[in-house]
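Worksheet for the structure shown next.
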Amino acid sequence: DRILVTEYVRGGTVDRVMDMDQDERNRIGRAVMRLTMLELFVWRFMQTDPNWGNFLYDVRTRTTYLIDFGAAREYDEDFVRGYLNIVVANANRDEKALIDESIRMGFLTGDESNVMMEAHKMSGFCLGEPFQSYEPYDFKSSRITSRISEHGAVFLKHRLTPPPEEVYTLHRKLAGAYNLCIKIGAKISCRDLLDEMVEYNKT
């Protein structure tokens with residue numbers, strides 16, 4: 001028989017840090033973004049339920065905890081490396097690299113209409129915005145998640161193939177991390193986090 005044990009952690013939900021100073025909110029937001037990227041690009045094992053109640057913040061120790069792994073899942077290495085290539089292409093606004101990798105991974109067939117290709121490109125570039133620069137990215141003023149969702153109607157009408165099934169849970173988690181940074185007003189640099197993931201995946 002096996003015994004499953006869990007660790008008790010102290011803290012309140014992370015959205016309660018709104019009254020803290022900007023530096024601390026930035027530190028929390030960056031920790032959440034780095035954790036999200038480590039889950040996917042290093043561990044390839046991700047907790048995919050990103051509601052704010054699953055992030056606890058302990059004021060005494062300034063520690064952010066992730067809880068509730070009932071919706072965790074594993075991602076295979078080929079998917080992770082391919083998705084990293086897409087994120088890098090988005091961050092660099094490299095249309096050719098984005099489309100080529102999207103076709104290889106099955107996001108696109110290559111026969112899509114111009115309007116679908118444009119929507120895929122622009123939603124991708126929007127997704128990659130936080131990683132485009134080493135300067136702090138202001139999540140709250142960016143409207144990033146709402147701008148990404150604006151392309152949904154085009155996808156529903158013009159998509160020729162469903163995306164890889166892994167992407168549904170992945171994008172839910174990524175949107176959750178973005179929304180948390182929006183909620184707490186984080187202004188953080190993310191490009192160096194992407195560089196760290198690229199360097200790790202070179203090995």
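The values are calculated or read from the model by the stated rules, or taken from the named source; none is laboratory data. In this text the structure is predicted, and so the values were computed from the model without any measurement. Cβ coordinates were reconstructed from backbone atoms using ideal geometry, including for glycine residues, and neighbour counts include every protein chain displayed. Quick note on the areas: whole protein, heavy atoms, side chains included, nothing else; ligands and nucleic acids left out. Shrake-Rupley method; radii C 1.70, N 1.55, O 1.52, S 1.80 Å.
Things worth noting here:
- The range 93-146, Cα convex hull volume normalised per residue, Å³: 86
- For the chain, Kirkwood radius (reciprocal of mean inverse C-alpha pair distance, Å): 17.9
- In the range 106-203, the GluC sites (Glu not before Pro) that fall in loop regions by DSSP, at most 15 other Cβ within 10 Å: Glu150, Glu165
- Accessible area expressed per residue, the chain, with surrounding protein chains retained (probe 1.4 Å, Å²): 54
- Computed over protein heavy atoms with a 1.4 angstrom probe, the accessible surface ordering of Ile103, Ile3, Ile188, largest first, is Ile3, Ile103, Ile188.
- A probe of 1.4 angstrom, applied to the heavy atoms of all protein chains, finds Thr203 with accessible area near 130 square angstrom.
- Accessible surface of the chain [probe 1.4 Å, protein heavy atoms]: carbon and sulfur percent: 52
- Under 5 Å between amide hydrogens, built in the peptide plane, is the criterion, and for Val59 it picks out Gly12 among residues at least 5 positions away or on other chains.
- Here is the list for the range 103-172: chymotrypsin sites (Phe, Trp or Tyr not before Pro) lying in DSSP coil, each with at most 16 other C-beta atoms within 10 angstrom of its C-beta, are Tyr134.
- Scanning residues 5 or more positions from Ala72 or on other chains, those with amide H under 5 Å from its amide H are Thr48, with H placed 1.01 Å from N in the peptide plane.
- Along the range 94-111 the Karplus relation, 6.51 cos²θ - 1.76 cosθ + 1.60 evaluated at θ = phi - 60°, assigns HN-Hα couplings of 9, 4, 4, 4, 4, 5, 4, 6, 5, 5, 4, 7, x, 6, 9, 9, x, 9 Hz to successive residues, with x for each Gly and Pro.
- Largest accessible area first, the listed residues His151, His171 line up as His171, His151 when surface is computed with a 1.4 Å probe on the assembled protein chains.
- For the range 64-154, the pair-distance distribution built from all alpha carbon pairs, in bins 5 Å wide starting at 0, is 3, 12, 19, 20, 19, 16, 8, 3, 1 percent.
- Going by accessible surface with a 1.4 Å probe and the largest first, Val115, Val198, Val167 read Val115, Val198, Val167.
- Loop-located chymotrypsin sites (Phe, Trp or Tyr not before Pro) in the range 1-95, at most 11 other Cβ atoms within 10 Å (DSSP): Tyr8
- Of all lysines in the structure, those lying under 29 Å Cα to Cα from Lys157, and not within fewer than 8 positions of it along the same chain, are Lys96, Lys121, Lys173.
- Long-range amide H partners of Tyr137 with built H, under 5 Å: Ile188, Ser189, Cys190
- C-alpha long axis of helix 22-38 to longest principal axis of the chain, angle in °: 60
- C-alpha center-to-center spacing [the range 45-69, the range 169-183] in angstrom: 13
- For the range 108-203, averaging the sequence separation of C-alpha pairs within contact (under 8 Å, six or more residues apart) and dividing by the residue count gives a relative contact order of 46 percent.
- Using a Gaussian network model of the chain in which every pair of alpha carbons under 10 angstrom is joined by a spring, one finds that among Lys173, Lys183, Lys96 the greatest mean-square fluctuation is at Lys96.
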